[in-house]
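The values are calculated or read from the model by the stated rules, or taken from the named source; none is laboratory data. Being a predicted model, the structure only gives us computed values, none of them experimental. We place every Cβ from the backbone using ideal geometry, glycine too, and count neighbours over all the protein chains shown. Accessible surface is based on the protein model in full, side chains and every heavy atom, while ligands, DNA and RNA are left aside. Shrake-Rupley method; radii C 1.70, N 1.55, O 1.52, S 1.80 Å.
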Amino acid sequence: MKKHKTLTNFHRTDDNDESRPFDWKQVKRLVVYLKPHKRNLIIMYALALLNVGTTIAAPVLLKVGLDSYIARGDVPGLLFITGVMTVTLVAQFFSARGQGVILNKIGYDVLYNLRQDLFTHLQQLSFRFFDYRKTGKIITRLTNDVQVLEAIVRNGLDTLFVEMLMLVSIIVTMFLLDALLSLVIFITIPLFAVLVFYVRGKIIHVARGLQKRLSSVNAFINESISGIKVIRAFAREQENIDNFKAFNADYYTQAKTFYPLIAYFWQGVSVLSMLGTVLVLLGGGLLIAVDMVSLGVIAAFLVYITRFFQPMQKLSNLLNELSRAMASCERIFEIMDTVPEIRDSDNARPDIHIRGNVVFENVDFFYNEDEPVLHAINFKVNAGDTVALVGPTGAGKTTIINLLCRFYDPTGGRILVDGYDLCDLSQSAYRSALAMVVQDITVFSGSVLDNIRFGKPGATRNEVEEITREMGIHTMLSQLPKGLDTEIGERGSSLSPGQKQLVALARALLRDPRILILDEASAYLDSSTEQMVQHAMQHLRKGRTNFVIAHRLSTIRGADVIFVIDKGRIVESGNHAELVAAGGHYATLLKIC
């Protein structure tokens, strides 16, 4: 008997240890997204070198202008050096601008591909993954976490290389101009290093907690908006506000710790920058008094010491952004590392023509290892038959349907379709022969026509109208403000529950599936509309295998076979007349319903 993995792996993202060291392998994986941009990166770094070179040259030209031309009253020489400085500044401007344009292009492209890969992977993950994660927290990965990475990608690509190069170049140039005066940097750099390494670990720890709490806030908001009708109906507005206040306060408390650390960084760097300027003025003043340094050198040093702390500030800011990006990077790649539980085998059959013969052979299933749901389910359904699954809530009816759709694999036993083990069929090819209508209808923004065509994107308008006529609902849909072209709004807000259910039925039937699954598909229909649809369904069910779950047993009297499910087992089977005559579970349910 094959077993699924334990479910502990599905909780890793939400239970992150905020104090653990960062896994730098995640950064290497992010760098992979830069490979298609090698040419642009080379151009960008060439422009960066030009930018650094012109930035370093400007103070040297200032020193020459002061010492060689202004001090001597050499006007032609001054005009010449001014022209050279102008060309240098123009080159600096255009190199920085070109560098920024290319950097933005690379950054946005990387983030586009990362977000696309994450969304694509989410589309392929198994249902069990979504069973144990809140929608809001998943949305946070696609929005906030990717957005956090935007800053590190767009700024980090050039900051680490360019600003480090700038620092080294400034230090070397300062020593070449005057080694003694350059000693001021040996006072400021150690202080800056202490600042960085003292705060960095705290920032990483707090950033992880901040992202985690933001996910909880987003998840609660998502649930509150989607469940607003229930909240209002039960007059739970104030309780919901209080609950959100607790989540929001938790996030706020964490943010109050994080952002002061950022401010501490900037304040510390600003103080060190001013300290460097004071030391240059003090040291330069003493040296010029004994004629050991020129005024031009002091002027150049004042420019360099200011610019020295600009890359220091950018690097410190990068470290701050990196601390949050580390947490986001881990959370994104943790999802992308999640292996889909339901996967096609290497020899999966992609071209099988489904007829609709279904066999369950001794099928067991559990969602959690200690909570068995189905026990030894055995039945055979011939193509074209209509099968009804009935039983109390929680008996396992929907789980049988989930296994038939291969949303999950059996814990034990196997499911055969047309003689093939379901695990040996391509999921896409198999599900293209299925259509499903459930009680909790999902419709999408767009028109009624778009939603019906969701089941068959290439269908013409005539095909859609033909289906609605066969169902007897064409007139009803035509009475909408713009007929089939009526925009239904987000989650079908402009349609009634019954209208959404009719759209979902039409969507499934337009697909012309070999296996049609109806899970409480008429729950929101009034009696007259239900009669009309049931009549149409009698005709439309012909030629396909139908699985029907219904609490109103009057809707499944004509089923070829009815399986009564109780506590995960089939306790009775037969047609309506046989089960009534037996006087067992079905007869009891019939009296209740």
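How big is the antiparallel share of DSSP beta bridges in the chain, given as a percent to the nearest 5? Write down the numbers at each step before the final one.
Numbers: 20 of 39 bridges.
Percent antiparallel among DSSP bridges in the chain is about 50.
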**Report entry** Solvent accessible area, Å² - LEU191, 1.4 Å probe, full protein context
**Finding:** 80
Report task. Could you tell me how many degrees, from 0 to 90 and to the nearest 10, lie between the Cα long axis of helix 461-471 and the main elongation axis, the longest principal axis, of the Cα atoms of the chain? Result -> 40
Query raised in the report: Just the accessible area for LEU495, please: 1.4 Å probe, Å², rounded to the nearest 10?
Result: 20
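Rounded to the nearest 500, what is the chain's calculated 222 nm mean residue ellipticity when only DSSP H runs of at least 4 contribute -39500 (n - 2.57) each, over all residues?
Values: 20 runs with 342 residues, N = 593.
Value at 222 nm, helices only: -19500 deg cm²/dmol.
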Query raised in the report: With a ≥ b ≥ c the root eigenvalues of the C-alpha gyration tensor of the stretch 428-496, is it rounded (a/c under 1.5), prolate (a/b larger than b/c) or oblate?
Result: oblate
Requested in this report: Any lysines with Cα under 23 Å of the LYS380 Cα? List them, leaving off those in the same chain fewer than 8 positions away.
Outcome: LYS2, LYS397, LYS542, LYS567
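Which net charge results when you count Lys and Arg as +1 and Asp and Glu as -1 among the other residues whose beta-carbon is under 10 Å from that of PHE547?
Working: positive: LYS397; negative: ASP385, ASP519.
Here the charged neighbours net out to -1.
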Query raised in the report: In vacuo Debye scattering of the stretch 263-384, one point per C-alpha: log10 I(q)/I(0) at q = 0.23 Å⁻¹?
Result: -1.24
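Using only Cα atoms, figure out Rg for the stretch 63-183 and give it as a multiple of 2.2 N^0.38 Å. Don't jump to the answer; show the numbers that get you there.
On the way: Rg = 25.2 Å, N = 121, 2.2 N^0.38 = 13.6 Å.
Against the empirical 2.2 N^0.38 Å value, I get 1.85 for the stretch 63-183.
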Query raised in the report: Quick one: if you stick a label point 7 Å off each Cα along the C-beta vector at LYS202 and ASP370, how many nm between them?
Result: 4.1
Query raised in the report: In degrees, nearest 10, range 0 to 90: what is the angle between the Cα axis of helix 527-540 and the longest Cα principal axis of the chain?
Result: 90
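Out of the trypsin sites (Lys or Arg not before Pro) in the stretch 555-592, which ones are loop residues according to DSSP with at most 14 other C-beta atoms within 10 Å? Before the final figure, lay out each step's value.
On the way: sites: ARG557, LYS567, ARG569, LYS591; in loops: ARG557, LYS567.
Sparse-neighbourhood loop trypsin sites (Lys or Arg not before Pro): ARG557, LYS567.
Less than 12 Å Cβ to Cβ from LYS314, Lys/Arg counted +1 and Asp/Glu -1: what total charge do the surrounding residues give?
Numbers: positive: ARG307; negative: ASP158, GLU163, GLU321.
Taking every Cβ under 12 Å from that of LYS314, the sum is -2.
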Requested in this report: Give, as a single signed number, the net charge of other residues whose beta carbon lies under 11 Å from the beta carbon of THR460, with Lys and Arg counted +1 and Asp and Glu -1.
Outcome: 0
Query - Area of ILE189 that stays accessible when all protein chains are in place (1.4 Å probe, Å², to 10) - result: 60
Query raised in the report: What list of whole percents do you get for P(r) of the stretch 343-447, with Cα-Cα distances grouped in 5 Å bins up to the one holding the largest distance?
Result: 2, 11, 20, 23, 19, 14, 7, 3, 1
Report task. Return one number: the angle in degrees, 0 to 90 and rounded to the nearest 10, between the long axis of the Cα atoms of helix 497-510 and the longest principal axis of the Cα atoms of the chain. Result -> 80
Report task. Kindly provide the chymotrypsin sites (Phe, Trp or Tyr not before Pro) of the stretch 24-87 that DSSP labels as loop, not H, G, I, E or B, and whose Cβ sees at most 11 other Cβ atoms within 10 Å. Result -> TRP24
